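J.: One structure, as structure tokens, below. Some questions next.
The values are calculated or read from the model by the stated rules, or taken from the named source; none is laboratory data. Only a predicted model underlies this, so the values are computations on that prediction, with no experimental measurement involved. Glycine gets a Cβ as well: all are built from the backbone with ideal geometry, and neighbour counts include every protein chain shown.
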Amino acid sequence: MNCKVAEKIFEIMKMLLEEQKKPREYGGQLLYHSEVAFLDVVHRFPEMNVSEMSNLLRITKGAVTQLSVKLSKKELLEIYTKDGNKKEKYFRLTKAGEGVREEHLSFHENSNRNLCSYLKTLDENEMKTIFDFLSHLKDCVPFCEFDCICSSQYEKEGENENGSDIVKHKQFICNA
């Protein structure tokens, strides 16, 4: 059973990563996660310039410029300058950009509602068990996908029956 839990964790992690890589249709346009995230940041921080946006999103200024130009061409974002400073670029969502953002929020709200509905069915002990598990999982970050050794009688010793180190013989898939 322990191995199945570890497998499920990695399955969910892969799904999340894959979900972020593929575009989704919003407002009749295919948009990537990074594009929708950019629109959300512009909405939440309308006075940010390129440098500030770069710091917040932890991407280069060039990437901010590329994303903004791309979204501007899709008519989801306006790029503008302020009077007295034509050098600094700022952003604001168009009506279509606001619509995309709302559609994106609605999509996630439905998923979140589904999760919350399930969590409401759990009793206090079940919630404590899940919370303890998630806290421990967080403490283990970063970790990589591995062949589970949970059922191995040699787990405590860290050795297999030949006396050699298990780690040398296990498959590790690390994207870190």
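J.: Filter region 33-64 down to residues that are basic (Lys, Arg) and touching a residue at least 24 places away in the same chain (Cβ under 8 Å), then give me how many there are.
T.: Matching residues across region 33-64 total 0.
J.: Which residue is nearest to Ser51 (Cα to Cα), if the candidates are limited to region 80-115 and must be touching a helix residue (DSSP H, G or I) at 6+ places or on another chain (Cβ under 6 Å) and in a strand (DSSP E or B)?
T.: Per the criteria, the residue is Lys89.
J.: Something else: Does region 87-108 contain any residue that is out of contact with any Ser or Thr (no Cβ under 6 Å at 6 or more places or on another chain), over 23 Å from Asp40 (Cβ atoms) and surrounded by fewer than 13 Cβ atoms within 10 Å (Cβ to Cβ)?
T.: Taking every residue of region 87-108 in turn, at least one turns out to be out of contact with any Ser or Thr (no Cβ under 6 Å at 6 or more places or on another chain), over 23 Å from Asp40 (Cβ atoms) and surrounded by fewer than 13 Cβ atoms within 10 Å (Cβ to Cβ).
J.: Return the residue satisfying two criteria in turn: it lies in region 117-136 and is surrounded by 10 or more Cβ atoms within 10 Å (Cβ to Cβ) and either aromatic (Phe, Trp, Tyr) or outside any helix (DSSP H, G or I) (or both), and of such residues it is modelled with the highest pLDDT.
T.: Checked region 117-136; the qualifying residue modelled with the highest pLDDT is Leu122.
J.: Going through Ser72, Ser54 one at a time, which residue ends up being buried (at least 16 other Cβ atoms within 10 Å of the Cβ) and either assigned to a helix (DSSP H, G or I) or under 22 Å from the mean Cα position of the chain (by Cα) (or both)?
T.: Ser54
J.: Among the candidates Leu30, Leu67, single out the residue that is assigned to a strand (DSSP E or B), closer than 26 Å to Leu105 by Cβ and either touching a Pro at 6+ places or on another chain (Cβ under 7 Å) or in contact (Cβ under 8 Å) with a residue 24 or more places away in the chain (or both).
T.: Leu30
J.: Inside region 21-51, can you point out the residues that are surrounded by 17 or more Cβ atoms within 10 Å (Cβ to Cβ) and of a type in the set (D, E, K, R)?
T.: Glu35
J.: A further question on this structure: Which residue pairs have Cβ atoms under 9 Å apart, sit 6 or more places apart or on different chains, and have a first residue in region 1-24 that is over 14 Å from Asp147 (Cα atoms) and a second that is outside any helix (DSSP H, G or I) and charged (D, E, K, R)?
T.: Met13/Glu145; Lys14/Glu145
J.: Let me ask another. Do we have any residue at all in region 11-31 that's among the hydroxyl-bearing types (Ser, Thr, Tyr) and more than 27 Å from Pro142 (Cβ to Cβ)?
T.: Looking through region 11-31, at least one residue is among the hydroxyl-bearing types (Ser, Thr, Tyr) and more than 27 Å from Pro142 (Cβ to Cβ).
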